[in-house]
1. Taking the condition of being buried (at least 16 other Cβ atoms within 10 Å of the Cβ) and hydroxyl-bearing (S, T, Y), how many residues in the range 296-321 meet it?
2. Are any residues in the range 257-278 among the polar types (S, T, N, Q) and either within 15 Å of D153 (Cβ to Cβ) or touching a residue at least 40 places away in the same chain (Cβ under 8 Å) (or both), and if so, which ones?
3. Tell me, yes or no, whether the range 268-275 has at least one residue that is open to solvent by 60 Å² or more (accessible area, probe 1.4 Å) and closer than 23 Å to I322 by Cα.
4. Hey, which of the helices (runs of 4 or more DSSP H) in the range 25-95, taking only ones fully inside, have at least 3 residues that are at pLDDT 80 or above and under 15 Å from S5 (Cα atoms)?
Amino acid sequence: MSEISEKIRYILQFYYEKGKNAAQARKKICDVYGRDSLSNATACRWFGRFRSGNLDVKDAPRSGRPITGKVDEILQKIEEDRHINSHDVARELNIDHKTVLNHLHKAGYTKKLDVWLPHELSMKNLIDRISISESLLKRNEIDPFLERLITGDQKWITYDNKKRKRSWSKMNETAQTAAEAQLVPRKVLLFVWWDWKGIVYHELLQPGQTIDSTLFCQHLTRLKREIEINRPELINSKGVVFHHDSAKPFTSLLSRQMLRECGWEILMHPPHSPDLAPTDYHLFRCLQNSLRGAKLTSVKDCENYLTKFFAAKPQKFYADGIMELPEKWRKVIDSNGHYVLK
């Protein structure tokens with residue numbers, strides 16, 4: 001082992017103990033010793049060794065053919081294609097499959113299910129997300145407005161209106177019939193608006209009914225009345241800061257005119273950004289988890305379930321969802337506009 005290699009290993013050990021990851025340690029080392037002084041695969045291999053509890057930076061004495069090269073090749077293949085199968089790695093490098101798994105495990109690799117992204121963000125999308133996040137973050141620091149924020153969205157709620165039944169029939173009779181259309185699960189559209197204190201207003205549309213600009217404006221009229229009744233402090237202070245996504249019914253000319261008549265300030269929201277919408281990343285995520293396994297057989301069942309669900313959540317639940325926004329904005333800025341995933 002050369003003097004410079006030994007020095008680099010000690011530096012890797014130092015950064016490991018400081019809580020850095022392999023990529024961060026490699027960058028700092030390459031900034032000093034040159035970009036070719038340490039490969040990413042080698043840094044990952046040593047960090048894997050340290051995580052296993054072996055902090056010795058010297059090579060252990062061994063006989064036979066050195067396997068360091070194979071380890072580097074294994075890690076290089078993983079870095080080139082994160083979806084590659086470990087059996088394919090073993091076959092291509094002509095080594096035992098268990099050897100591949102052992103070295104990947106030591107380097108800290110494990111198989112994880114890919115996370116679906118809401119949208120393939122363009123460069124303009126990334127720039128919009130950064131600029132809007134920076135603007136909102138700076139504004140909230142100067143003049144906090146989150147306690148004036150009312151946000152919401154729409155969500156389909158599915159229910160099973162009928163199930164196929166068994167009926168008694170004689171041996172030579174055919175089974176009783178039922179129309180197939182009646183056996184298909186139905187769905188109803190939920191509209192919900194809320195703030196840091198709780199639910200302000202929610203309603204279910206008629207089964208099969210979808211939202212358009214006219215219906216949305218009627219909905220806004222009812223929401224405005226509920227705000228005046230349940231949140232009079234917003235009317236009497238600086239006013240409502242209204243937040244919704246860029247769905248067409250929300251941004252049509254008719255809807256924009258109605259919102260101006262309401263006198264509400266519309267908060268900027270970048271397109272394709274459910275990770276910056278509290279209803280998506282907080283309220284609906286929790287609601288969806290709750291609905292798994294729920295037995296809903298009618299629109300009335302849906303309404304009762306939703307009313308109980310919203311009422312059962314403490315005020316802190318709603319406050320946490322709204323007050324997480326500044327941290328979301330910071331993460332978008334720090335990640336150069338990319339999605340903030342939990």
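The values are calculated or read from the model by the stated rules, or taken from the named source; none is laboratory data. Only a predicted model underlies this, so the values are computations on that prediction, with no experimental measurement involved. Glycine also receives a Cβ, built like all others from the backbone with ideal geometry; neighbour counts cover every protein chain displayed. To get the accessible areas, we keep the full protein, side chains included, count just its heavy atoms, and leave off ligands, DNA and RNA. Shrake-Rupley method; radii C 1.70, N 1.55, O 1.52, S 1.80 Å.
1. Summing the residues that are buried (at least 16 other Cβ atoms within 10 Å of the Cβ) and hydroxyl-bearing (S, T, Y) in the range 296-321 gives 2.
2. Residue satisfying the conditions is S273 alone.
3. Yes; the residues of the range 268-275 include at least one that is open to solvent by 60 Å² or more (accessible area, probe 1.4 Å) and closer than 23 Å to I322 by Cα.
4. Of the helices (runs of 4 or more DSSP H) lying wholly inside the range 25-95, those with at least 3 residues that are at pLDDT 80 or above and under 15 Å from S5 (Cα atoms) span 40-51.
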